[in-house]
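Throughout, read-outs are computed from the coordinates displayed, never taken from laboratory work. Just so you know, these numbers come straight off a predicted model, no measurement behind them. Backbone-built Cβ (ideal geometry, glycine too); neighbour counts: all protein chains shown.
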């Protein structure tokens, strides 16, 4: 898997921040992840779980304090030149398109910026026009002179995507690409990502708190909790038959129409909120909020839950992997087999 | 009826001319009932909320009636209005951080409206009530001595709810009250809101862009587009079986996990909401509509009872839709 | 938006610049006081440029002076004469040239230094940013007249020294302003996007930060010019200016040294004093209007 072409790989990735008072926040605490061209991977979790830090680290905007990020088999180096070359391949799409565009730059300049940075001077207008039309802004010439404030939210996000596409990257990292957009516009942007994947083999890592979004476009999903991936696998398996108690709770509280609700088990509303990344509990990090621990279902493995840290889940695409002592006791150890 | 809008119209005067935000809305909320209002930014749903508490800017021209317990809020004197603002109706805003005073302990902020509106209450009694309210919304009473920045987003939203309940209002308006929250925290807050509605018998008007949230909490839902209500009915029905193409698109934007139809096909609409200064002729949704017929370009549809799919053309008075296609009993999605 | 088929990027950029310039100009025009300031400033500048044509330089020569000693205004000398018999009108008009040149040059130098230090210290930060900030703090708290006197004593009295002294005490204010603005721009997501596109520091500073900082710098520059002119006048009045040239300050200096006050020679004191007042007022009016145009930075975006 990791040797495959143009794949973005993270191995045992760790990012720590020093906090005042000598405490250390472990924002990303051991993550293995692969994103290959032609697949959309959703990284889901609550705010504060480290998903944005993970994305920034994958893009080289943040330095990893441990583990490696590699692209196409080559580990990421942080020299200016190496980063610049890397960024032609892996591009970022930010959450808020209004902030991501300089209000003083026209659409043309915003899209051409990447070309200018990488000193690609041949046929600049042609490349900009092509990127805009690939992002669904047609006819592109009509948008050249527009300023961001003259566009709607959906159009702005398309401009941001066009600005990433103009460098012909193999992968996009999109941090909540539709969270700030109106509901009816969301689908259009997601369809665009899906079309780019299907028609041009673009891969994407989509960071989101919205599991519905993963259901709409992702092939695989990784659920993150306090700096670790706690469950990952194909979207159908993870979302329709979740095995980690945290994923089960997340899926159960999704609002759904009553007709559907009847088929879904009672919502499991976890008490409390995500702990601070500087106070990660020992043992299983989810234990203090775990409904299985609270209900006594996990009594048989409780000593492990409170004393034994779980393995970092492997990046394999196929098997459905779960970091849970109880699940391991029930389903056998998939990790050991791999 | 606890709250009734009668042909409410709100127009903002701005540099680009007159901007109609609400264009003739009729709605009603009964005590103990929850009404959801769905729509996108700019559709007029927040203007509706602000109009109830007369919090609209000076540039707004308001016509029609807003009756709270039969009394027209738009005709009220300022003194009466001040009393109504906490005891009759209160509001929970989206940005709890901005709505709370950063340099005042939250206990005092909750007690403040009690002291202002109930002259007989002593500060000590108000403080005790504030603590009781905090416990009711699931926060320890000791939190009364905290400052807003010491709380998480979900806790602040709970404080906002406690504040809205401080003077035992008959009506609570929640304007995107859970939008900025995470899924799990949102579930906690929604559960709390549902409990409080049953327990206190207040009327709730809940405004959100997320039709799926409304369907989980509300009895009825109204969908707004370009300043008008385009569909109204039982919330779960509107979400699961929309009778207006716009509500159908809104529902599709929040797919039900496990629904094979939604897998790898994100729903959505082409185009953007119309510019309120230049609304299209006929039905204002027509430019984005996939099922529009000739008539839609000429006439603006009224909100009428529509037959529900599967009920053999029988119109259901509880379901109203402003769509000619739905009124004919035809499907509103391709 | 019109269809702009087959336009080169340069033409596009020009068109865009024209658009934004005309928008800013329209916003400026709506500021009535700013327009008054602009008219006043234009008149002063035209007068200063035209002076050599109107009045021969020989009018400044002490040896060729024809008037009486501190003679009151007359038909020949509309604003009277100084202690050597030169026309005060001629002196004031010629003085305007020097006052404006010194004020503008000193401002440009201060702005360039201030902007460069401000942008780099805000953008790069780290120990460099810390040192730059402390340095500007240090210059800011130095009493400007004392520094000026000390520097003039070392470097000798000349126009270049005056400009250096004024620039040296004026740049920290600009640095502060620019640094603060840089830090705000720095936190905008579009800088993150530029970084992710592979942009280096130079690109980020020149393409994103500077364009967002410059309008404010321009506005503050117009407010810096009058203070530079005032400072030049103070220095010259204290006798620290270039002795070989005529500026408003030096006219006032000579007037007070030669007893114009006790002689009740108001025509000697008032013209240069009023000229300073008018120039300062004109720049102030323009500066305030520019600030109003540029400061609500998201003007028109709602």
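Calculated FRET efficiency, residue A:308 to residue B:55, Cβ-Cβ distance, R0 = 51 Å: about 0.40 to the nearest 0.05. One Cα centroid belongs to the range C:41-87, the other to the range B:38-75; the line between them spans 71 Å. Extents of chain B, taken as max minus min of Cα coordinates on every principal axis and listed largest first, are 67, 48, 38 Å. With bins 20 Å wide beginning at 0, the percent of Cα pairs of the protein assembly as shown falling in each bin runs 11, 34, 33, 15, 6, 0.
Distance between the modelled labels on residue B:1 and residue B:145, one decimal in nanometres: 4.9 nm (7 Å Cα→Cβ projection). Between residue C:135 and residue B:31, the distance separating the two model label sites (each 7 Å from Cα on the Cα→Cβ line) works out to 7.4 nm. Between residue B:104 and residue C:13, take the C-beta separation as r, use R0 = 35 Å, and let me know the FRET efficiency to the nearest 0.05. Calculated value: 0.10.
The angle separating the long axis of helix C:248-257 from the principal Cα axis of greatest extent in chain C is about 30 degrees. How far is the Cα center of the range B:155-202 from the Cα center of the range A:78-143, in Å? Taking the Cα centre of the range A:78-143 as reference, the centre of the range B:155-202 is 43 Å away. Between A:24, A:235, A:41, which gets the highest mean-square fluctuation from a Gaussian network model of chain A, Cα cutoff 10 Å? In the Gaussian network model the winner is A:24. Shown for C:130, B:86: other C-beta atoms within 10 Å of each C-beta, ranked fewest to most, produce the order C:130, B:86. Based on DSSP H segments of at least four residues, each scored -39500 (n - 2.57), chain A has a per-residue ellipticity at 222 nm of -10000 deg cm²/dmol.
What do you get for the angle between helix C:32-54 and the principal long axis of chain C? Use alpha-carbon atoms, 0 to 90 degrees, nearest ten. Orientation of helix C:32-54: about 50 degrees from the principal axis.
Ranked highest first by the average count of other Cβ atoms within 10 Å around their residues, in what order do B:73-79, C:185-191 fall?
Answer by packing, highest mean first, reads C:185-191, B:73-79.
Can you give me the Cα centroid spacing of the range B:79-135 and the range A:200-261 in angstrom? Here the answer is 40 Å between Cα centres. Taking the C-alpha atoms only, the angle from helix A:183-200 to the longest principal axis of chain A is near 80 degrees. Dividing the Cα radius of gyration of chain A by its Kirkwood radius returns 0.99 for Rg/Rh. Over chain C, DSSP H runs of length four or greater, each weighted -39,500 (n - 2.57), average out per residue to a 222 nm ellipticity of -24500 deg cm²/dmol.
Looking at the protein assembly as shown, the DSSP beta bridges with both ends there are about 60 percent antiparallel. When each of A:290, B:43 is scored by the number of other beta-carbon atoms lying within 10 Å, the sequence from fewest to most is A:290, B:43.
Taking the number of other C-beta atoms within 10 Å as the exposure measure, put C:218, C:240 in order starting with the fewest.
So the ranking, lowest neighbour count to highest, is C:218, C:240.
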